[in-house]
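To start, the structure itself, in C-alpha cells.
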Amino acid sequence: MHYIVLTIFPQMFNPFWTHGIIRRAIENKIISASAADIREYAHDRHQVTDDRPYGGGSGMVMKPEPLAAAIRAASQEIPGAKTVLLTPQGKVFNQNLARELATLNGLILVCGRYEGVDERICHDLIDYEISIGDYVLTGGEVAGMIIIDAVTRLIPGALGGEDAAEKDSFSNGMLEHAHYTRPRIFEGKKVPEVLLSGHHLEIESWRLKSALMRTLLKRPDLLLQKDLDRQEVKTLNRWRYDIEEILNSHYKKAGENGEKK
Ligand code: 4FV
C-alpha cells in the first residue's frame, strides 16, 4: 500500500510517520507514505492555495488549480491509486470501509482546510468522499491520519501477529471482550478466574459472552446489524430466558404484595 497525503501542512505528518505500527510498516516496506505540499502546485509568486468564496460569506475556499495539479501528480506517482477527500460530506468511516480501502494498491488523501475545497475538484478527481464523524475539524489532516492508521493495521504483516486484526472490535461486528493483564489483583479487583485456568475452550466461551454482553449493553445497534451465529443466538436466548425468569418472579411478588406492576 502506497499513501500520498496532499496538505498545506505536510510537516504535521512527520511524527505520525515515525512512531509505532506506522513507522514499522514503513521500515518493513509494507507501506510507503509521504505528504506533499499543495503549495508546491500553486505557481503564483505567493503560492496562494485559497481564495474568497463566490457568492460572498465568511472564510476561504481551497482553489481548484493547485489541488487538481497535486492530485494529478500524485496519480502519476501511484498508478491505480484511489483519491480520498476528507470531508464532513463524506460517507462516515467504519471498519468495513477500512477493510475495503486496505485491498487497494494506493491512496491519495486530500486534506482540506478553511471552509473546504472548490466543488469542481469533487466532480472527476475524487473517488471516495469520507468523513470520520459528524463534527467539523479545522483541517482534514487528522482525519487522514485516522484513515491511514485504521487501513494500515489491516495490511498483512503490519501488526506482526498474522491474525491480530481478525480479533478486532467490529471484525465480527461486535465490540471486543474485556482484556486483563498482570497483576492478578489490582486495587482489590481480581482477574476473572477462567482467564487463569489455561482452559482454552472455557476462555473462548467466556470471551464470547464478554464481547456479546458488552456489545448488548454499549452498542445494541451493532447486534441488530450483525448476522448472529448459532452460539451467539443460544447465549442471547439463555439471557432472555434468565431475564424473563427474573421479571416474572418480580411481577409475581409485586402481585402478591398488591404493588403496581
Ligand atoms: C472532516 C470530517 C472535517 C471541514 C472543513 C476541514 C473540515 C475543513 N474531514 N471528516 N469531519 N473537515 O471536518 O473528515 O476543510
- Of (1) over 26 Å from G173 (Cβ atoms); (2) under 23 Å from the mean Cα position of the chain (by Cα), L216 satisfies all except one. Which? (1)
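How many residues, within the range 227-261, are farther than 30 Å from S171 by Cα, of a type in the set (D, E, K, R) and surrounded by fewer than 10 Cβ atoms within 10 Å (Cβ to Cβ)? Talk me through it step by step, then tell me what you get.
From the range 227-261, those farther than 30 Å from S171 by Cα are 244-261; that's our starting set.
Now restrict to residues that are of a type in the set (D, E, K, R): 244-245, 252-253, 256, 259-261.
Filter again for surrounded by fewer than 10 Cβ atoms within 10 Å (Cβ to Cβ), leaving 256, 260-261.
Qualifying residue count, the range 227-261: 3.
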- Task: Of the conditions (1) without any contact (Cβ under 8 Å) to a residue 12 or more places away in the chain; (2) in contact with a His (Cβ under 9 Å, 6 or more places away or on another chain), P66 clears all except one; give me its number.
- Result: (1)
- Message: Can you pull out every residue in the range 44-76 that is over 17 Å from D118 (Cβ atoms) and out of contact with any helix residue (DSSP H, G or I) (no Cβ under 8 Å at 6 or more places or on another chain)?
- Response: R45, H46, A74, S75, Q76
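Residues checked against (1) in contact with a His (Cβ under 6 Å, 6 or more places away or on another chain); (2) crowded, with 17+ Cβ neighbours inside 10 Å; (3) over 21 Å from A25 (Cα atoms); (4) of a type in the set (D, E):
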| position | (1), (2), (3), (4) |
| --- | --- |
| M60 | no, no, yes, no |
| L85 | no, yes, yes, no |
| R113 | no, yes, yes, no |
| G116 | no, yes, yes, no |
| H123 | no, no, yes, no |
| I130 | no, yes, yes, no |
| I147 | no, yes, no, no |
- Mind telling me which of the residues V151, V191 ends up being surrounded by 10 or more Cβ atoms within 10 Å (Cβ to Cβ) and within 16 Å of the ligand (Cβ to nearest atom)? V151
- Message: With the condition being in contact with an Asp or Glu (Cβ under 6 Å, 6 or more places away or on another chain) and among the charged types (D, E, K, R), I'd like the helices (runs of 4 or more DSSP H) fully within the range 162-261 carrying at least 2 qualifying residues.
- Response: none
- Any residue at all in the range 167-187 that is open to solvent by less than 70 Å² (accessible area, probe 1.4 Å), touching a residue at least 60 places away in the same chain (Cβ under 8 Å), within 16 Å of the ligand (Cβ to nearest atom) and not acidic (D, E)? no
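When the range 1-22 is examined, which residues are found to be over 17 Å from A73 (Cβ atoms) and either among the charged types (D, E, K, R) or outside any loop (DSSP other than H, G, I, E, B) (or both)? Write out each step before concluding.
Step one: of the range 1-22, the residues over 17 Å from A73 (Cβ atoms) are 1, 9, 11-22.
Selection gives Q11, M12, F13, N14, P15, F16, W17, G20, I21, I22.
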- Task: Looking for whichever is open to solvent by 30 Å² or more (accessible area, probe 1.4 Å), of a type in the set (D, E) and more than 26 Å from Y135 (Cβ to Cβ) here; the options are E40, E100. Which one fits?
- Result: E40
- Item | Pairs with Cβ under 7 Å, 6+ apart, first in the range 77-92 and farther than 16 Å from G139 by Cα, second near the ligand (Cβ under 8 Å from one of its atoms) and assigned to a loop (DSSP other than H, G, I, E, B) | V92/G133
- Message: Suppose the filter is within 16 Å of the ligand (Cβ to nearest atom), out of contact with any Phe, Trp or Tyr (no Cβ under 8 Å at 6 or more places or on another chain) and at pLDDT 95 or above; does R52 pass it?
- Response: yes
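Checking the condition out of contact with any Gly (no Cβ under 6 Å at 6 or more places or on another chain), away from the ligand (no atom under 16 Å from the Cβ) and open to solvent by less than 50 Å² (accessible area, probe 1.4 Å), which residue from I22, I30 passes? First the steps, then the outcome.
Values: I30 fails: out of contact with any Gly (no Cβ under 6 Å at 6 or more places or on another chain).
Of the residues listed, the single one that is out of contact with any Gly (no Cβ under 6 Å at 6 or more places or on another chain), away from the ligand (no atom under 16 Å from the Cβ) and open to solvent by less than 50 Å² (accessible area, probe 1.4 Å) is I22.
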- Query: Is it the case that the range 48-55 has a residue that's open to solvent by 60 Å² or more (accessible area, probe 1.4 Å), polar (S, T, N, Q) and farther than 30 Å from I155 by Cα?
  - Reply: no
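For the structure I just gave you, tell me whether R219 is surrounded by 10 or more Cβ atoms within 10 Å (Cβ to Cβ), modelled with pLDDT of 95 or more and within 30 Å of I26 (Cα to Cα). Give the derivation first.
Details: surrounded by 10 or more Cβ atoms within 10 Å (Cβ to Cβ): yes; modelled with pLDDT of 95 or more: yes; within 30 Å of I26 (Cα to Cα): no.
No; evaluated as a whole, the condition is false for this residue.
The values are calculated or read from the model by the stated rules, or taken from the named source; none is laboratory data. Bear in mind that the values here come from a model prediction, so they are computed numbers and not experimental data. Ideal geometry is used to build each Cβ from the backbone, glycine not excepted, and the neighbour counts take in all protein chains shown. Quick note on the areas: whole protein, heavy atoms, side chains included, nothing else; ligands and nucleic acids left out. Shrake-Rupley method; radii C 1.70, N 1.55, O 1.52, S 1.80 Å.
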